[in-house]
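Engineer: My questions all concern the structure below.
Since every read-out is calculated from the coordinates, none of them should be taken as a lab result. Computed from a prediction, not measured in an experiment: that's the story for all the values here. Neighbour counts run over all protein chains shown; Cβ positions are idealised from the backbone, glycine included.
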């Protein structure tokens, strides 16, 4: 008998736009999305807060953000990450900035404010990931671990380690991601899935190949307009995709992920 693979379907960017909120909650209501992460400095988060309480079966995490919208805490030290309008300036800025202890402390302060905004709204935060995966950047990783300890949140998204047939990752990149995921799990004990990738990439490989991961997170962006192929991916999620795979799956949320 084939082993059942536990699947978390996580919708990113909750709070970003009204359409993101509407499409995400529609999919949660249909049982197609089992987890979602909130951008705490996004302009439509209050709307999401009002609706979250109606979906007990879904887990809700914080989508830590350094790449879009205004920071919740305006400090001099955070300025290197901002544009001329005082908004976060994108992933490239986070990746290339000359970081130092003051900037790392400022990022930690901002992350704490983002966590507190969600917690103070009554959300039981299940896990942490990040907008544009900034938590996988080495210098941001230090701030992430401080956040884990401060808020005692010990479930975090790993770096991508499953690739579809049309995707390519060099051996060097795969080694780096394996090292990052090892540190994520063991530098401050952290519970993670075994696998992580985009929903459509997973579907493409899992319809022809048996995957050996026990727990996999699949990322999706309902309602987003800036992700190529996003509408096609969302429409695929609405099908009976579970029955199209080479192995049986069970949908779970991040609340079901065992702590280490």
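Residue by residue, here is whether (1) surrounded by 14 or more Cβ atoms within 10 Å (Cβ to Cβ); (2) closer than 22 Å to residue 255 by Cα; (3) in contact (Cβ under 8 Å) with a residue 12 or more places away in the chain; (4) in contact with a helix residue (DSSP H, G or I) (Cβ under 6 Å, 6 or more places away or on another chain) holds:
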site	(1), (2), (3), (4)
172	no, no, no, no
175	no, no, no, no
179	no, no, no, no
182	no, yes, no, no
198	yes, yes, yes, no
215	yes, yes, yes, no
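Engineer: All but one of (1) in a helix (DSSP H, G or I); (2) in contact (Cβ under 8 Å) with a residue 12 or more places away in the chain hold for residue 79; state the number of the condition that does not hold.
Structural biologist: With (1) in a helix (DSSP H, G or I); (2) in contact (Cβ under 8 Å) with a residue 12 or more places away in the chain applied to residue 79, the lone miss is (2).
Engineer: Then there's this: Being closer than 15 Å to residue 161 by Cα and part of a strand (DSSP E or B) is the filter here; which residues of region 186-212 pass it?
Structural biologist: Hits for region 186-212 are 195, 196, 197, 198.
Engineer: Can I ask one more? Return the total of residues in region 148-162 being part of a loop (DSSP other than H, G, I, E, B) and buried (at least 17 other Cβ atoms within 10 Å of the Cβ).
Structural biologist: 8
Engineer: Could you count how many residues in region 83-100 are surrounded by 12 or more Cβ atoms within 10 Å (Cβ to Cβ) and within 22 Å of the chain's Cα centre (by Cα)?
Structural biologist: Total satisfying the criteria: 8.
Engineer: For region 99-120, does any single residue satisfy the condition of being farther than 22 Å from residue 149 by Cβ and assigned to a loop (DSSP other than H, G, I, E, B)?
Structural biologist: First, pick out the residues of region 99-120 that are farther than 22 Å from residue 149 by Cβ: none.
The answer is no; no qualifying residue exists.
Engineer: Count, please, the residues in region 226-246 that happen to be assigned to a loop (DSSP other than H, G, I, E, B) and either touching a strand residue (DSSP E or B) at 6+ places or on another chain (Cβ under 6 Å) or free of Cβ contacts under 8 Å to residues at least 24 places away in the same chain (or both).
Structural biologist: So the count comes out to 5.
Engineer: Just the residues that are surrounded by 12 or more Cβ atoms within 10 Å (Cβ to Cβ) and part of a loop (DSSP other than H, G, I, E, B), please, taken from region 247-259. Steps first, please.
Structural biologist: Taking region 247-259 first, the residues surrounded by 12 or more Cβ atoms within 10 Å (Cβ to Cβ) are 247-249, 251-257.
Once the filter is applied, which keeps residues that are surrounded by 12 or more Cβ atoms within 10 Å (Cβ to Cβ) and part of a loop (DSSP other than H, G, I, E, B), region 247-259 yields 247, 248, 252, 253, 257.
Engineer: Hey, could you check region 48-76 for residues that are part of a helix (DSSP H, G or I) and surrounded by fewer than 17 Cβ atoms within 10 Å (Cβ to Cβ) and say which is farthest from the chain's Cα centre (by Cα)?
Structural biologist: Quick first cut of region 48-76, residues part of a helix (DSSP H, G or I) only: 48-52, 76.
With surrounded by fewer than 17 Cβ atoms within 10 Å (Cβ to Cβ) added as a condition, the list becomes 50-51, 76.
Details: 50: 21, 51: 20, 76: 28 Å.
Among residues in region 48-76 that are part of a helix (DSSP H, G or I) and surrounded by fewer than 17 Cβ atoms within 10 Å (Cβ to Cβ), the one farthest from the chain's Cα centre (by Cα) is 76.
Engineer: Considering every residue within region 9-25, establish whether at least one is touching a residue at least 60 places away in the same chain (Cβ under 8 Å), surrounded by fewer than 22 Cβ atoms within 10 Å (Cβ to Cβ) and in contact with a strand residue (DSSP E or B) (Cβ under 7 Å, 6 or more places away or on another chain).
Structural biologist: No, every residue in region 9-25 fails to be touching a residue at least 60 places away in the same chain (Cβ under 8 Å), surrounded by fewer than 22 Cβ atoms within 10 Å (Cβ to Cβ) and in contact with a strand residue (DSSP E or B) (Cβ under 7 Å, 6 or more places away or on another chain).
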